[in-house]
Amino acid sequence: MLIVSGNTKVLFDPLYENNYDRYQLVPAAMQRDLLAGKPPFDDIDAVFVSHHHGDHFTPELMLQYLLSQPTVRLYAPMQAVAALRSAIREAGADEENLAERIVGIALENGDPAMTMDADDLSIGVVRIPHSGWPESRTDIENLSFRVTLDEGTTVTHFGDADANLQHFEPYRDYWSAATTDLAVPPYWFFQSAAGHEILDDIVRSEQSLGTHVPVELSEADTDNLADYDLLTQPGERRRIVVSPRP
Ligand SMILES: [Zn+2]
């Protein structure tokens, strides 16, 4: 996902190559433009990776990208950064130069939120367990980034967060501290009462856009998702309505 506000641009989970036979891949031509920094993927400020799963992040592609776009910074969980470092060593790339642009986020479940500023970005991040919790994928470091571009537009990207209130409740103050203009939850947040409560009462997003939608939806899912805004086609766009700040 590409987010643009004025001259500031960021990408979320842009480079991956496994669709697990279920999800939309980035089309080859779009991926080529992205790697080459061609419009609209020119002058990207930062890339955010939610977690190290093949439908969100491929280390070798990210390395290729960082090498071809020498001013872009990367923010990613340590698990993804470790995989990227292996790819860097394997390729014999200049580790020192790259390390300056890679920000590894070391967060455990339940840790306080982190916030940081970088040029035109204000960044907040919390670790939220991956969906499937507590039965499966508990070892995956899944991050939810809240990014304010240009001091104006704030987007919260959930990664593959588990839609359970107890992961979000402890961060009420963190979420109240900034207005999320656009929340980008995985579509399963629209399918449970807890997911709605998280979006409406905790994150309190002005606008929500569901992602991670399987290419083939069951009839039941098509019905229960009919009222929500979902991203399903590569390249489709939305306008983010920025609400006035108090
Ligand atoms: Zn995942």
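Only residues that are of a type in the set (A, V, I, L, M), more than 16 Å from the ligand (Cβ to nearest atom) and touching a helix residue (DSSP H, G or I) at 6+ places or on another chain (Cβ under 8 Å) were counted across the range 125-178, and they come to 2.
Each row is one residue, and each column tells you yes or no for (1) at pLDDT 95 or above; (2) charged (D, E, K, R); (3) part of a helix (DSSP H, G or I).
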| residue | (1), (2), (3) |
| --- | --- |
| LEU67 | yes, no, yes |
| ALA76 | yes, no, no |
| GLU90 | yes, yes, yes |
| ASN97 | no, no, yes |
| GLY104 | yes, no, no |
| ILE140 | yes, no, no |
| PHE145 | yes, no, no |
| THR148 | yes, no, no |
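Here ALA106 passes the criteria (1) surrounded by 17 or more Cβ atoms within 10 Å (Cβ to Cβ); (2) over 15 Å from VAL47 (Cα atoms) except the one numbered (1). Selection within the range 48-78: residues that are out of contact with any helix residue (DSSP H, G or I) (no Cβ under 8 Å at 6 or more places or on another chain) and of a type in the set (Gly, Ala, Ser). The member of this set that is nearest to VAL126 (Cα to Cα) is SER50. Summed over the range 215-234, the residues that are touching a residue at least 40 places away in the same chain (Cβ under 8 Å) and surrounded by 11 or more Cβ atoms within 10 Å (Cβ to Cβ) give a count of 6.
For the range 122-133, enumerate the residues that are surrounded by 19 or more Cβ atoms within 10 Å (Cβ to Cβ) and either without any contact (Cβ under 8 Å) to a residue 24 or more places away in the chain or over 15 Å from the mean Cα position of the chain (by Cα) (or both).
Listed by number, the list holds a single entry, TRP133.
Tell me which residues, restricted to the range 1-26, are touching a residue at least 60 places away in the same chain (Cβ under 8 Å), under 13 Å from the mean Cα position of the chain (by Cα) and not in a loop (DSSP other than H, G, I, E, B). ILE3, VAL10, PHE12 - these are the residues of the range 1-26 that are touching a residue at least 60 places away in the same chain (Cβ under 8 Å), under 13 Å from the mean Cα position of the chain (by Cα) and not in a loop (DSSP other than H, G, I, E, B).
The values are calculated or read from the model by the stated rules, or taken from the named source; none is laboratory data. All of these numbers come straight from a predicted model, not from anything done at the bench. Quick reminder, even Gly has a Cβ in these numbers, built from the backbone with ideal geometry, and neighbours come from all protein chains shown.
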